[in-house]
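Encoded as structure tokens, the structure appears first; notes follow it.
We did not get these values from a lab; they are worked out from the coordinates using the rules stated. Keep in mind it's a predicted model, so treat the numbers as computed, not measured. For neighbour counting, all protein chains shown are included, and Cβ atoms are generated from backbone atoms with ideal geometry for every residue, glycine included.
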Amino acid sequence: MKIHSSSFEHRQAIPAEFAMGQAQEFGGNRNPQLAWKDVPAGTKSFALLCIDTDAPTDGALVADDGTPIPVAHPRGDFVHWVVADIPASTREIPAGSCSHGVTAHGKDAGVDAGGRRGMNDYTGWFAGDAAMGGQYFGYDGPYPPAHDLRVHRYFFRLFALDVQRLELSEAFTAGGVFQAMRAHVLTEAAIYGTYTLNPHAG
């Protein structure tokens with residue numbers, strides 16, 4: 001199975017229109033276009049995840065925008081998009097079809113590309129914030145700290161599954177998808193794009 005995007009080139013920068021944040025303001029927060037082919041026989045659904053694998057692990061350092069976050073700082077995952085039970089007939093997600101603009105307090109637990117939206121990690125990030133706090137379902141794009149010296153990578157991972165529906169709670173997360181699809185993955189395809197708000201990152 002192969003996946004590609006007309007919104008950005010593999011391993012190249014993601015345009016700000018697909019990011020939640022840009023310099024001093026919110027970005028366009030549109031989901032990028034994704035398309036795939038060479039789907040294996042027996043595929044009954046797809047699961048889609050977008051994960052930033054370069055998220056800083058020290059919240060205090062993230063909050064201290066006067067101190068640059070070193071490239072060597074320990075990193076973890078930050079989930080930007082979770083969709084389960086995408087129909088097996090689907091081969092494309094058009095740009096902006098699942099997200100267009102920033103929704104304060106988060107989008108609801110609706111449908112993306114015919115599949116169920118899961119919660120992304122902005123749910124935890126904005127917890128306690130009166131203006132933004134809430135449950136964030138679906139796609140919300142890159143918004144790395146502007147003082148981070150590392151360029152972040154955003155992996156779009158598509159899994160072909162041998163089941164039509166995963167057993168998940170209503171407010172499920174990427175962790176729930178990984179657990180539910182264990183032993184059901186026929187194959188995976190992935191691409192990544194990069195994003196930074198720091199002109200000195202590299």
With no solvent and one equal point scatterer placed on each C-alpha of the chain, evaluate the Debye formula and give log10 I(q)/I(0) for q = 0.14 Å⁻¹, two decimals. -0.79
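For the chain, give the magnitude of the charge dipole about the Cα centre (Cβ charges: +1 Lys/Arg, -1 Asp/Glu; no others), in debye to the nearest 20. Mind showing how you got there, number by number?
Numbers: 15 positive and 22 negative charges, 136 e Å.
Computed charge dipole of the chain: roughly 660 debye.
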Can you say what percent of the DSSP beta bridges in region 2-195, counting only those with both residues inside, are antiparallel? Round to 5. 95
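Just rank Glu17, Glu25, Glu188, fewest to most, by other beta-carbon atoms within 10 angstrom. Mind showing how you got there, number by number?
Values: Glu17 16, Glu25 8, Glu188 13.
Least crowded to most crowded, the residues run Glu25, Glu188, Glu17.
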Output ³J(HN,Hα) for region 63-77: one whole-Hz value per residue in order, computed from phi by the Karplus curve 6.51 cos²θ - 1.76 cosθ + 1.60 with θ = phi - 60°, and x for Gly and Pro. 6, 8, 6, x, 10, x, 7, x, 4, 7, 4, x, 10, x, 8
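Assuming a ≥ b ≥ c are the square roots of the Cα gyration tensor eigenvalues, decide whether region 47-152 counts as rounded (a/c under 1.5), prolate (otherwise, with a/b larger than b/c) or oblate.
Numbers: a/c = 2.58, a/b = 1.72, b/c = 1.50.
Judged from the Cα gyration tensor, region 47-152 comes out prolate (a/c at least 1.5, a/b above b/c).
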What is the gain in length, in nm to one decimal, between His10 and Ala35 on full extension, counting 0.36 nm per residue of separation less the C-alpha to C-alpha distance? 7.7 nm
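Which number comes out as Rg/Rh for region 132-202 once both Rg and the Kirkwood Rh are worked out on C-alpha atoms?
Details: Rg = 16.0 Å, Rh = 14.9 Å.
Result for region 132-202 is an Rg/Rh of 1.07.
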Can you work out ³J(HN,Hα) from phi for every residue in region 152-159, in order, using Karplus 6.51 cos²θ - 1.76 cosθ + 1.60 and θ = phi - 60°, giving whole Hz and x for Gly and Pro? 7, 10, 10, 8, 9, 10, 10, 10
Taking amide hydrogens as modeled 1.01 Å from N in the peptide plane, which residues meet the under 5 Å criterion relative to Ser99, leaving out close sequence neighbours? Asn31
Could you name the aspartates and glutamates whose alpha carbon sits less than 20 Å from that of Lys37, not counting residues in the same chain fewer than 8 places away? Glu9, Asp85, Glu92, Asp112, Asp162, Glu188
Would you mind pulling out the separation of the Cα centroids of region 49-93 and region 127-170, in Å? 7
Any residue on another chain or 5+ positions along whose placed amide H is under 5 Å from the amide H of Leu166 is listed here as Asp85
Sequence ranges 89-99, 142-152, 163-173, ranked by mean other-Cβ count within 10 angstrom, highest first: 142-152, 89-99, 163-173
